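Read through the structure below, which is laid out as structure tokens, and then see the notes.
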Amino acid sequence: MDTPPTLEILVSGLLLLGLFFLLTGTIGLLRLKDVYSRMHATSKSTTFGVAGVLLAALIYFRFLGLSPGLKESLILGFLLLTAPLGAHMIARAAYRTGVPMWRGGTVDQFKDWEEQEERQATSEHLTPE
């Protein structure tokens, strides 16, 4: 079966876009200074990178009639839901266990909020009923 040039250009563009995001995430993982920056770079870029590759596969295999696209759609939906949540939970666990932030460019905005919540919880616990 001969594929139309527009389909080849679209699939190639999505593959290149996905590979660009995956390469960017890899460079961010290697170059950034702390775990929080690295996690931000890798979670965002892998989500977009895998989305580009999956969309290219969905379009190409659907054109060939080899796949209705359900598997690719489910994988993409699962990835879009779980990758940001997983990165958030890992970053939160790292922060709470005391993993240090890079001092060169980080402002710890969560520290003030966490201290305020802790003071409020202790004051509620100490007030007599």
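The values are calculated or read from the model by the stated rules, or taken from the named source; none is laboratory data. Keep in mind it's a predicted model, so treat the numbers as computed, not measured. Cβ placement follows ideal geometry from the backbone for every residue including glycine, while neighbour counts extend to all protein chains displayed.
For segment 1-15, a tally of residues being without any contact (Cβ under 8 Å) to a residue 60 or more places away in the chain and either among the hydrophobic types (A, V, I, L, M, F, W, C) or crowded, with 16+ Cβ neighbours inside 10 Å (or both) returns 6. Could you tell me whether segment 92-101 includes any residue that is in a helix (DSSP H, G or I), in contact with a Phe, Trp or Tyr (Cβ under 7 Å, 6 or more places away or on another chain) and under 30 Å from ASP2 (Cα atoms)? Taking every residue of segment 92-101 in turn, none turns out to be in a helix (DSSP H, G or I), in contact with a Phe, Trp or Tyr (Cβ under 7 Å, 6 or more places away or on another chain) and under 30 Å from ASP2 (Cα atoms). The number of residues in segment 52-85 being surrounded by 13 or more Cβ atoms within 10 Å (Cβ to Cβ) and either more than 11 Å from the chain's Cα centre (by Cα) or among the β-branched types (Val, Ile, Thr) (or both) comes to 19.
Count of segment 92-129 residues, restricted to those that are under 15 Å from LYS33 (Cα atoms) and at pLDDT below 70, is 3. When each of GLY49, GLY25, GLY18 is tested for being touching a residue at least 24 places away in the same chain (Cβ under 8 Å), closer than 22 Å to VAL99 by Cβ and in a helix (DSSP H, G or I), the lone residue that passes is GLY25.
Residues that are in a helix (DSSP H, G or I) and of a type outside the set (A, V, I, L, M) were ranked within segment 28-41; the one that is surrounded by the fewest Cβ atoms within 10 Å (Cβ to Cβ) is ARG31. What do you reckon, is LYS44 under 23 Å from TRP102 (Cβ atoms), surrounded by 16 or more Cβ atoms within 10 Å (Cβ to Cβ) and out of contact with any strand residue (DSSP E or B) (no Cβ under 6 Å at 6 or more places or on another chain)? Against the criterion (under 23 Å from TRP102 (Cβ atoms), surrounded by 16 or more Cβ atoms within 10 Å (Cβ to Cβ) and out of contact with any strand residue (DSSP E or B) (no Cβ under 6 Å at 6 or more places or on another chain)), LYS44 qualifies. Quickly run through segment 16-27 and pick out the residues that are of a type in the set (Val, Ile, Thr) and surrounded by 15 or more Cβ atoms within 10 Å (Cβ to Cβ). If the condition is that a residue be of a type in the set (Val, Ile, Thr) and surrounded by 15 or more Cβ atoms within 10 Å (Cβ to Cβ), then THR24, THR26 are the ones that fit.
Against the list (1) farther than 30 Å from ILE9 by Cα; (2) in contact with a Ser or Thr (Cβ under 8 Å, 6 or more places away or on another chain); (3) modelled with pLDDT under 90; (4) of a type outside the set (D, E, K, R), the condition ALA41 fails is (1).
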